[in-house]
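**Q** Dropping the structure in here first, questions after.
The values are calculated or read from the model by the stated rules, or taken from the named source; none is laboratory data. In this text, all values refer to a predicted model and were calculated from it rather than measured experimentally. Every residue, glycine as well, gets a Cβ built from its backbone with ideal geometry; the counts of neighbours run over all protein chains shown. The accessibility values were calculated without ligands, DNA or RNA, using every heavy atom of the protein model including side chains. Shrake-Rupley method; radii C 1.70, N 1.55, O 1.52, S 1.80 Å.
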There are 2 protein chains.
Amino acid sequence: MKENDITYRFIGIVHSPHKSDEGIPIQPIGAKGIKAEIEVFEEFQEGLKDLEEFSHIIVLYDFHRSKDYKLIVKPFLDNETHGVFATRAPKRPNSIGLSVLKLNKVVENILYVENVDILDETPILDIKPYVSKFDSVEKERNGWLEKKIDKSIIQKSDNRFK
Amino acid sequence: MKENDITYRFIGIVHSPHKSDEGIPIQPIGAKGIKAEIEVFEEFQEGLKDLEEFSHIIVLYDFHRSKDYKLIVKPFLDNETHGVFATRAPKRPNSIGLSVLKLNKVVENILYVENVDILDETPILDIKPYVSKFDSVEKERNGWLEKKIDKSIIQKSDNRFK
């Protein structure tokens with residue numbers, strides 16, 4: 001490996017009702033029915049061909065409000081500390097977020113999405129079709145999250161990752 | 001949004017039996033049982049605390065052999081063309097790959113993983129715990145991939161994304 005870092009260019013931006021990073025749902029399952037638009041910049045619009053045939057998409061984005069990181073964190077869903085890679089906390093060495101969203105329609109360069117837990121003005125890195133045979137696992141161990149998952153439906157963010 | 005791009009630092013590297021980008025499985029479901037190691041650089045090792053409690057992880061990495069991109073592509077699984085964002089093809093505007101891998105164990109800074117479709121020496125961007133309630137969708141439409149998914153179990157890559 002020759003390079004130690006890489007620069008990516010944002011391909012779009014989210015227009016979401018979540019204007020503040022306090023109080024937003026922490027996962028799409030806590031954001032059922034919340035709609036937003038992803039504006040893909042026009043130069044990339046051609047890359048959206050046939051995306052509308054998929055009911056769900058994987059969206060990768062930058063947690064643009066997270067400016068530093070910690071290796072040990074206390075996530076929203078627990079009072080114990082965990083390694084940051086064992087959590088979905090935004091303050092990560094690379095501040096990349098991932099959400100699986102419902103795709104309602106595509107009109108030109110705008111994706112109309114639902115179950116959105118993403119902050120307004122979040123820059124987008126990539127969009128991929130969600131395919132359960134590729135991306136879903138039937139039986140898994142969820143570690144410390146096992147007993148906390150249902151809490152994520154009602155848990156909102158606070159200011160701990162500011 | 002003030003910045004149009006972002007620089008991320010690699011947090012690790014894959015040591016995989018896939019030495020060439022021709023002939024490797026194109027998805028983890030085509031790589032059942034194939035084992036590899038993810039070496040997380042020592043400065044980030046502390047962030048792995050409690051990760052071993054999870055049976056599966058989401059690994060984000062850079063398709064380091066993909067040096068340019070196309071907005072319209074003919075993916076491995078189809079002879080029709082599609083927008084790149086409706087495919088998992090490596091030549092994307094941001095060359096970020098995503099695989100859900102089985103995590104067998106963690107020893108110090110080494111993750112022992114299985115079902116690996118990732119090329120040797122691939123640089124790692126992020127590791128997240130896989131949580132089906134966050135990341136899996138029960139009923140979905142798979143667009144053009146619907147009738148091609150089973151083919152992905154046997155399909156290997158060729159040189160079309162070189």
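**Q** Hey, what's the Cα Rg ratio for segment B:1-70 versus the globular rule of thumb, 2.2 N^0.38 Å?
**A** Rg over 2.2 N^0.38 Å, computed on Cα atoms: 1.38.
**Q** Now for a different question. Quantify how much of the Cα-Cα distance distribution of chain A extends past 18 Å, in percent.
**A** 62 percent
**Q** How large is the accessible surface of B:Ser16 in square angstrom, using a 1.4 angstrom probe and rounding to the nearest 10?
**A** Rounded to the nearest 10, the figure is 0 Å².
**Q** Now for a different question. Roughly what would the spin-label model give for B:Arg9 and A:Glu138, points 7 Å off Cα along C-beta, in nm?
**A** For B:Arg9 paired with A:Glu138, the spin-label model returns 4.2 nm.
**Q** Counting only Cα, what are the radius of gyration and maximum Cα-Cα distance Dmax of the protein assembly as shown, in Å?
**A** 18.1, 51
**Q** Here's another thing I want to ask about it. Heavy atoms of the protein only, probe of 1.4 Å, neighbouring chains included. What is the accessible area of B:Lys151 in Å², nearest 10?
**A** For B:Lys151, solvent-accessible area is about 90 Å².
**Q** Identify which of B:Arg65, B:Arg141, B:Arg88 has the largest mean-square fluctuation in a Gaussian network model of chain B, with springs joining Cα atoms closer than 10 Å.
**A** Result for chain B, Cα springs under 10 Å: B:Arg141 fluctuates most.
**Q** What distance in nm separates the two pseudo spin-label positions at A:Lys147 and A:Ile110, each 7 Å out from Cα along the beta-carbon direction?
**A** Placing both labels 7 Å beyond Cα along the Cβ direction yields 4.6 nm.
**Q** Let me ask another. Just to check, using Stokes-Einstein with a Kirkwood Rh over alpha carbon pairs, what's the diffusion coefficient of segment A:100-151 at 25 °C and 0.890 mPa s in µm²/s?
**A** 174 µm²/s
**Q** When the helices in the protein assembly as shown are scored as -39500 (n - 2.57) per DSSP H run of 4 or longer and the sum is shared across all residues, what 222 nm value do you end up with, to the nearest 500 deg cm²/dmol?
**A** -500 deg cm²/dmol
**Q** Now for a separate question. In whole angstrom, how long is each semi-axis of the equivalent ellipsoid of segment B:67-162, when you take the square root of 5 times every eigenvalue of its Cα gyration tensor and sort them from largest down?
**A** Ellipsoid semi-axes (Å, largest first): 25, 18, 13.
**Q** Which of the lysines could a cross-linker span from A:Lys139 if the Cα-Cα distance has to be under 18 Å and same-chain partners fewer than 8 positions apart are dropped?
**A** A:Lys147, A:Lys148, B:Lys32, B:Lys102, B:Lys105, B:Lys128, B:Lys133, B:Lys139
**Q** In square angstrom, rounded to the nearest 10, how much accessible surface does A:Val137 have for a 1.4 Å probe?
**A** 20 Å²
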